[in-house]
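Engineer: Take this structure first; my questions come after.
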C-alpha cells in the first residue's frame with residue numbers, strides 16, 4: 001500500500017467520524033412564525049423589553065433555584081449566558097392585552113435550545129413551542145405530544161420532570177431544559193407584571 005492511499009483513507013475516516021459526531025442546528029420557527037403560532041389569528045403584537053434588577057431579579061432567581069439558566073448538575077451540557085433583559089410579547093385583541101409570550105434560550109446537551117412560552121394574561125400556559133435546537137437525541141421535545149403537557153400549567157404546578165411532566169427517554173437534559181424554560185417564563189411574568 002502506498003503512503004498516499006493510507007493518508008487518503010485515514011483522512012476519509014476522520015472526516016466521516018467527525019460528520020457523524022457533529023450535531024446539526026435546526027431552526028423550526030422564526031420569531032414572527034412562532035408568535036403567529038402561539039397567538040390567535042389576527043393578533044396584534046406589542047413587545048416590551050424589561051431589565052430585571054434589584055428585588056425583582058432576586059425573587060426570580062430564588063424561585064428558580066438560584067439561576068436564570070437551567071443547570072444540569074454532574075452532566076455536561078451546552079453553556080448559555082444569563083440574560084437580565086426579557087422581551088414580553090403581548091397579544092392584543094381590541095386594543096387589550098389578552099396573552100403574553102416569552103422567548104427563551106436554555107442549554108441542551110449538544111447546544112442551545114430556543115423556546116417560546118405563551119400564557120394568558122393571568123399566567124397560565126396556553127402553548128409552548130421549540131423554535132430552534134442543536135440536539136441529537138432531544139428532537140422529540142419539539143413534538144406536540146411532549147409540548148402539550150405544559151398546557152394549563154401555572155405557578156401552582158410542580159413543573160418537574162417525573163412529577164407532572166413526563167420526560168423523554170434519552171433526552172433527559174432537553175426535557176428538563178424545556179420544563180425550566182416554561183417555569184422561568186411563568187415566574188418572570190408573575191414577578192414583573194402580576195405582583196405589581
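Engineer: When the Debye formula is applied to the Cα atoms of the range 31-111, each taken as the same point scatterer, what base-10 log of I(q)/I(0) results at q = 0.27 Å⁻¹?
Structural biologist: With one equal scatterer per Cα and no solvent, log10 I(q)/I(0) is -1.20.
Engineer: Just check the range 134-183 against the gyration tensor rule for me: Cα atoms, a ≥ b ≥ c as the square roots of the eigenvalues, rounded for a/c under 1.5, and otherwise prolate or oblate depending on whether a/b exceeds b/c.
Structural biologist: It is prolate, given that a/c is not under 1.5 and a/b is the larger ratio.
Engineer: Once the Cβ-Cβ distance between residue 32 and residue 193 is put in as r, and R0 is 22 Å, what FRET efficiency do you end up with, to the nearest 0.05?
Structural biologist: With R0 = 22 Å, the Cβ-Cβ based efficiency is 0.40.
Engineer: Just for the Cα atoms in the range 23-65, what are the lengths along the principal axes, largest first, rounded to whole Å?
Structural biologist: Projected onto its principal axes, the Cα set of the range 23-65 covers 36, 36, 16 Å.
Engineer: Tell me, what does the Kirkwood hydrodynamic radius of the range 24-194 come to in angstroms if you use every pair of distinct C-alpha atoms?
Structural biologist: 16.0
Read-outs: derived from the displayed coordinates by stated rules, not from any lab. Given the structure is predicted, the values throughout are model-derived calculations rather than measurements. Neighbour counts are summed over all protein chains in view; Cβ atoms, including those assigned to glycine, are modelled from backbone coordinates with ideal geometry.
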